[in-house]
Number of protein chains: 2
Amino acid sequence: MTANQIFEQIKAKKSFLCVGLDTDIKKIPKHFLQCEDPIFEFNSAIIDVTAPYTVAYKPNLAFYEEQGVLGWHSFVRTVQYIRANYPEQFIIADAKRGDIGNTSAMYARAFFEQCDVDAVTLAPYMGSDTVKPFFDYAGKWGVILALTSNPSAAEFEMLTLEGGDKVYERVIKTSAEWGSIDNTMYVVGATKAQMLEGIRELIPDHFLLVPGVGAQGGSLSQVAKYGMNSRCGLLVNSSRAIIYASSAEDFAEKAAHEAALVQSEMAELLKTLCQL
Amino acid sequence: MTANQIFEQIKAKKSFLCVGLDTDIKKIPKHFLQCEDPIFEFNSAIIDVTAPYTVAYKPNLAFYEEQGVLGWHSFVRTVQYIRANYPEQFIIADAKRGDIGNTSAMYARAFFEQCDVDAVTLAPYMGSDTVKPFFDYAGKWGVILALTSNPSAAEFEMLTLEGGDKVYERVIKTSAEWGSIDNTMYVVGATKAQMLEGIRELIPDHFLLVPGVGAQGGSLSQVAKYGMNSRCGLLVNSSRAIIYASSAEDFAEKAAHEAALVQSEMAELLKTLCQL
């Protein structure tokens with residue numbers, strides 16, 4: 001998928017919502033535990049009701065690996081389900097992978113060949129070797145961690161380098177040269193909304209994946225104010241606030257309601273800030 | 001396992017070798033492809049012949065994920081095989097994981113509960129949130145990326161911060177406070193052997209996991225010279241040079257021969273530098 005194709009979806013849906021499928025078997029409604037594959041069954045129900053309001057899904061691999069081999073199976077089935085039923089959706093494997101070149105190439109095969117996602121989140125610490133193998137696949141994306149939403153992001157990401165750049169700024173400047181705006185996206189946490197302004201000076205045209213709205217406390221309007229560009233340029237993720245909106249039988253209804261509320265706020269922001 | 005228990009193994013085997021199980025289905029002898037689980041069958045054959053010469057095994061998850069669900073099954077079976085047959089071996093899941101706190105806790109469960117490895121390699125970019133959940137398990141280890149063996153390590157790890165520290169030095173200094181010498185290990189590439197001297201000034205007592213000897217060109221004697229401490233303090237990994245020593249029917253014999261050669265060099269180094 002190109003950046004423009006993502007933007008077309010955003011215009012069509014009037015939404016830049018990404019639903020995070022951080023599916024914790026301990027938190028899903030109890031009746032799913034009788035199913036053979038509870039995580040997949042829960043995911044497919046959530047996907048069916050939220051798809052009208054969202055342009056992307058982001059399963060986080062930790063939640064699948066925690067279930068071992070069965071969890072990987074649930075992950076693969078979830079991706080296949082989205083591909084088959086909602087082919088317009090952008091699928092991000094939130095895996096935060098990164099290794100030396102020949103090994104990163106294996107991760108790229110894992111996610112782009114064994115499993116047909118559109119994008120993988122990548123940790124930049126080890127440099128370009130770890131990212132470039134993901135760019136060998138036309139239409140696929142690497143989503144590089146830049147400034148994350150967690151409290152301890154300050155410990156290394158926000159340190160100041162000789163010359164004045166913060167570490168995350170250097171990561172952005174350097175890595176923006178590796179690919180293009182059609183294969184490189186950056187993770188910037190919603191809890192750091194005002195810092196989006198400076199990031200937009202470095203990369204005005206790249207898409208940003210913004211987690212941290214909802215349960216982590218980030219503000220959607222602040223993210224849009226500081227981060228939106230003329231082609232929106234944002235995918236804002238919400239996980240827990242949507243998928244666990246209710247833990248009772250009405251979980252799907254409540255998840256749809258939450259997703260619709262966010263979409264409605266996004267439609268306003270796109271109108272005001274992006275003239276859509 | 002404590003640091004002292006690892007040292008006891010090193011003394012008993014006169015070896016600080018870790019065999020990297022980077023098992024690529026395209027590189028294993030062709031006759032394995034007729035097996036139901038070629039990667040596991042190859043691994044178990046390699047483990048049987050190399051166990052006398054090694055104190056640790058390090059499966060790299062990329063090579064298993066590349067085979068999808070079946071690959072995870074091969075990984076889990078490999079860990080179970082080592083546990084059942086060679087319980088003295090230290091098992092490192094080379095997964096380079098790292099995510100916000102609640103998600104890292106899921107990864108810790110994946111590797112320490114679903115799958116009983118001793119250690120997981122971790123990417124430090126996002127800070128302490130990403131590492132600390134792995135310390136909630138007594139006897140288990142986090143192996144933090146510090147200075148890696150790949151060419152692009154220089155791009156971020158070796159940048160200089162305000163005040164003079166390199167990024168990797170700050171990662172070591174800061175993260176050494178999170179755990180102890182009984183649960184924290186660092187990845188330092190063998191291709192950067194002389195830099196081990198400076199790293200030993202920061203962390204004289206921690207174990208270091210050193211990849212890059214063999215196919216990547218690092219020198220074992222240089223690594224020992226600059227990195228060894230009074231309790232050895234090193235696990236040196238070799239993957240390709242051992243497990244792909246031959247791609248013919250004699251693969252196991254050749255792998256054993258290579259492992260024995262490395263162990264013999266290690267025995268000499270332990271005698272000379274560590275008075276064992």
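The values are calculated or read from the model by the stated rules, or taken from the named source; none is laboratory data. Just so we're clear, the structure is a prediction, and the values are computed from it rather than from any experiment. Cβ coordinates were reconstructed from backbone atoms using ideal geometry, including for glycine residues, and neighbour counts include every protein chain displayed.
The table below lists the values:
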quantity	calculated
Residues being out of contact with any Pro (no Cβ under 8 Å at 6 or more places or on another chain), part of a loop (DSSP other than H, G, I, E, B) and either under 18 Å from residue A:189 (Cβ atoms) or more than 9 Å from chain A (Cβ to nearest Cβ) (or both) - total across the range B:78-126	12
Some residue of the range B:150-157 being in a helix (DSSP H, G or I) and within 18 Å of the chain's Cα centre (by Cα)	yes
Residue list for the range A:22-77, restricted to those being among the acidic types (Asp, Glu) and either more than 11 Å from chain B (Cβ to nearest Cβ) or touching a strand residue (DSSP E or B) at 6+ places or on another chain (Cβ under 9 Å) (or both)	A:22, A:36, A:37, A:41, A:48, A:65
Subset of the range B:169-191 [surrounded by 22 or more Cβ atoms within 10 Å (Cβ to Cβ), out of contact with any Gly (no Cβ under 8 Å at 6 or more places or on another chain) and more than 9 Å from every other protein chain (Cβ to nearest Cβ)]	B:172, B:186, B:187
Residue within the range A:104-113 that is within 16 Å of the chain's Cα centre (by Cα) and buried (at least 24 other Cβ atoms within 10 Å of the Cβ) present	yes
Matching residues, the range A:170-200, being over 22 Å from residue A:128 (Cα atoms), more than 18 Å from the chain's Cα centre (by Cα) and not small (Gly, Ala, Ser)	A:194, A:195, A:197
Subset tally (residues that are more than 15 Å from residue A:92 (Cα to Cα) and under 15 Å from the mean Cα position of the chain (by Cα)) for the range A:54-65	0
Answer from A:233, A:217, A:212 - the residue that is among the small types (Gly, Ala, Ser), more than 26 Å from residue B:102 (Cα to Cα) and touching a residue at least 24 places away in the same chain (Cβ under 8 Å)	A:233
Some residue of the range B:131-142 being among the aromatic types (Phe, Trp, Tyr), surrounded by fewer than 22 Cβ atoms within 10 Å (Cβ to Cβ) and on the phi < 0 side of the Ramachandran plot	yes
Residue within the range B:139-147 that is farther than 29 Å from residue B:84 by Cβ and touching a Lys or Arg at 6+ places or on another chain (Cβ under 9 Å) present	yes
Matching residues, the range B:205-231, being surrounded by fewer than 20 Cβ atoms within 10 Å (Cβ to Cβ), closer than 14 Å to residue B:274 by Cα and of a type outside the set (Ser, Thr, Tyr)	B:205, B:225, B:229, B:231
Set B:37, B:48, B:94: member being touching a residue at least 60 places away in the same chain (Cβ under 8 Å), more than 18 Å from the chain's Cα centre (by Cα) and within 22 Å of residue B:242 (Cα to Cα)	B:48
Residues that are among the aliphatic types (A, V, I, L, M) and part of a loop (DSSP other than H, G, I, E, B), drawn from the range B:1-55	B:1, B:25, B:28, B:55
The one condition in (1) touching a residue at least 12 places away in the same chain (Cβ under 8 Å); (2) surrounded by 16 or more Cβ atoms within 10 Å (Cβ to Cβ) that residue A:254 fails to fulfil	(1)
Selection status of residue A:202, in contact with a strand residue (DSSP E or B) (Cβ under 6 Å, 6 or more places away or on another chain), under 30 Å from residue A:167 (Cα atoms) and modelled with pLDDT of 95 or more	no
Complete set of residues in the range A:66-77 that are in a loop (DSSP other than H, G, I, E, B) and out of contact with any helix residue (DSSP H, G or I) (no Cβ under 6 Å at 6 or more places or on another chain)	A:67
